[in-house]
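Okay, structure first, notes after.
The values are calculated or read from the model by the stated rules, or taken from the named source; none is laboratory data. Remember, it's a predicted structure, so these values are computed and weren't measured experimentally. Heads up, the Cβs are rebuilt from the backbone with ideal geometry, glycines too, and the neighbour counts pull from every protein chain shown. Ligands, DNA and RNA are excluded from the accessible area calculation, which covers all protein heavy atoms including side chains. Shrake-Rupley method; radii C 1.70, N 1.55, O 1.52, S 1.80 Å.
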Amino acid sequence: MPSFLAALTFAYFAYHAVEGDRGLLSWINLRQEIEAAEVTRVELAAAQATLERRVTLLRPESLDRDMLEERARAVLNFARPDERVIMLRTELPANGN
(Lines give C-alpha, C1' and ligand atoms only; values in the text may rest on other atoms or scores of the structure.)
Protein backbone atom coordinates (compact mmCIF):
# COMPACT_ATOMS: atom_id res chain seq x y z
CA MET A 1 0.00 0.00 0.00
CA PRO A 2 2.74 2.55 0.78
CA SER A 3 4.36 1.93 -2.62
CA PHE A 4 0.99 2.55 -4.33
CA LEU A 5 0.62 5.90 -2.51
CA ALA A 6 4.19 6.79 -3.42
CA ALA A 7 3.50 5.96 -7.08
CA LEU A 8 0.33 8.09 -7.04
CA THR A 9 2.20 10.97 -5.42
CA PHE A 10 4.98 10.67 -7.99
CA ALA A 11 2.45 10.55 -10.85
CA TYR A 12 0.66 13.62 -9.47
CA PHE A 13 3.85 15.68 -9.30
CA ALA A 14 5.13 14.38 -12.64
CA TYR A 15 1.86 15.33 -14.35
CA HIS A 16 1.93 18.85 -12.92
CA ALA A 17 5.62 19.22 -13.76
CA VAL A 18 4.67 18.77 -17.41
CA GLU A 19 1.09 20.07 -17.70
CA GLY A 20 0.75 22.49 -14.77
CA ASP A 21 0.63 26.29 -14.80
CA ARG A 22 4.39 26.38 -14.23
CA GLY A 23 5.11 23.11 -16.03
CA LEU A 24 7.31 22.25 -18.96
CA LEU A 25 4.67 22.98 -21.63
CA SER A 26 3.90 26.37 -20.09
CA TRP A 27 7.60 27.16 -20.07
CA ILE A 28 7.91 26.25 -23.77
CA ASN A 29 4.89 28.43 -24.65
CA LEU A 30 6.32 31.30 -22.64
CA ARG A 31 9.68 31.03 -24.44
CA GLN A 32 7.87 31.19 -27.80
CA GLU A 33 5.94 34.27 -26.71
CA ILE A 34 9.18 35.91 -25.56
CA GLU A 35 10.83 35.20 -28.92
CA ALA A 36 7.83 36.64 -30.80
CA ALA A 37 7.86 39.72 -28.57
CA GLU A 38 11.59 40.15 -29.19
CA VAL A 39 11.05 40.06 -32.97
CA THR A 40 8.27 42.64 -32.62
CA ARG A 41 10.51 44.82 -30.43
CA VAL A 42 13.30 44.76 -33.03
CA GLU A 43 10.87 45.65 -35.84
CA LEU A 44 9.38 48.50 -33.82
CA ALA A 45 12.84 49.80 -32.89
CA ALA A 46 13.78 49.87 -36.58
CA ALA A 47 10.57 51.71 -37.46
CA GLN A 48 11.18 54.17 -34.62
CA ALA A 49 14.74 54.83 -35.81
CA THR A 50 13.45 55.52 -39.33
CA LEU A 51 10.82 57.93 -38.03
CA GLU A 52 13.31 59.67 -35.76
CA ARG A 53 15.69 60.13 -38.70
CA ARG A 54 12.89 61.64 -40.80
CA VAL A 55 11.80 63.93 -37.96
CA THR A 56 15.41 65.09 -37.50
CA LEU A 57 15.43 66.18 -41.14
CA LEU A 58 12.41 68.42 -40.43
CA ARG A 59 13.83 70.15 -37.34
CA PRO A 60 14.68 73.85 -37.78
CA GLU A 61 18.36 73.39 -36.87
CA SER A 62 18.85 70.69 -39.53
CA LEU A 63 16.08 71.37 -42.03
CA ASP A 64 16.35 69.38 -45.24
CA ARG A 65 14.58 71.26 -48.02
CA ASP A 66 13.81 68.08 -49.98
CA MET A 67 12.15 66.50 -46.95
CA LEU A 68 10.17 69.68 -46.28
CA GLU A 69 8.99 69.79 -49.90
CA GLU A 70 8.06 66.11 -49.82
CA ARG A 71 5.98 66.49 -46.65
CA ALA A 72 4.32 69.70 -47.90
CA ARG A 73 3.32 68.02 -51.16
CA ALA A 74 1.99 64.97 -49.34
CA VAL A 75 -0.02 66.99 -46.84
CA LEU A 76 -1.32 69.56 -49.33
CA ASN A 77 -1.76 67.07 -52.21
CA PHE A 78 0.14 69.48 -54.46
CA ALA A 79 2.05 69.03 -57.72
CA ARG A 80 3.47 71.47 -60.26
CA PRO A 81 1.80 71.67 -63.71
CA ASP A 82 4.82 70.08 -65.44
CA GLU A 83 4.91 67.06 -63.12
CA ARG A 84 3.35 63.65 -63.64
CA VAL A 85 1.76 61.91 -60.68
CA ILE A 86 1.72 58.12 -60.56
CA MET A 87 -0.72 56.72 -58.03
CA LEU A 88 0.30 53.37 -56.55
CA ARG A 89 -2.06 50.99 -54.83
CA THR A 90 -0.96 50.38 -51.25
CA GLU A 91 -3.25 47.39 -50.71
CA LEU A 92 -4.34 44.53 -52.89
CA PRO A 93 -8.09 44.09 -53.39
CA ALA A 94 -9.84 41.48 -51.26
CA ASN A 95 -10.17 39.02 -54.16
CA GLY A 96 -6.39 39.13 -54.85
CA ASN A 97 -6.55 40.72 -58.35
field: Accessible surface, per residue, of the chain when the full set of protein chains is kept, probe 1.4 Å, Å²
entry: 95
task: Starting from the Cα gyration tensor of region 3-51, take the square roots of the eigenvalues, sort them a ≥ b ≥ c, and report rounded, prolate or oblate (rounded when a/c is under 1.5, otherwise prolate if a/b is larger than b/c, else oblate).
output: prolate
- request: Return a whole-number percent for the relative contact order of the chain, with Cα pairs under 8 Å and 6 or more residues apart as the contact set.
  value: 7
- prompt: Once a ≥ b ≥ c are taken as the square roots of the eigenvalues of the Cα gyration tensor of region 4-97, is the result rounded (a/c under 1.5), prolate (a/b larger than b/c) or oblate (a/b not larger than b/c)?
  reply: oblate
message: Please check: in the Gaussian network model of the chain (C-alpha springs, under 10 Å), which one of 39, 55, 18 has the largest mean-square fluctuation.
response: 18
field: Vicinal HN-Hα couplings computed from phi for region 43-51 (Karplus, 6.51 cos²θ - 1.76 cosθ + 1.60; Hz; Gly/Pro x)
entry: 4, 5, 5, 5, 5, 5, 4, 5, 5
Sites matching trypsin sites (Lys or Arg not before Pro) across region 13-47 that sit in DSSP coil, with at most 15 neighbouring C-beta atoms within 10 Å: 22
- request: Can you send over the carbon and sulfur percentage of the accessible area for the chain, probe radius 1.4 Å, protein chains only?
  value: 61
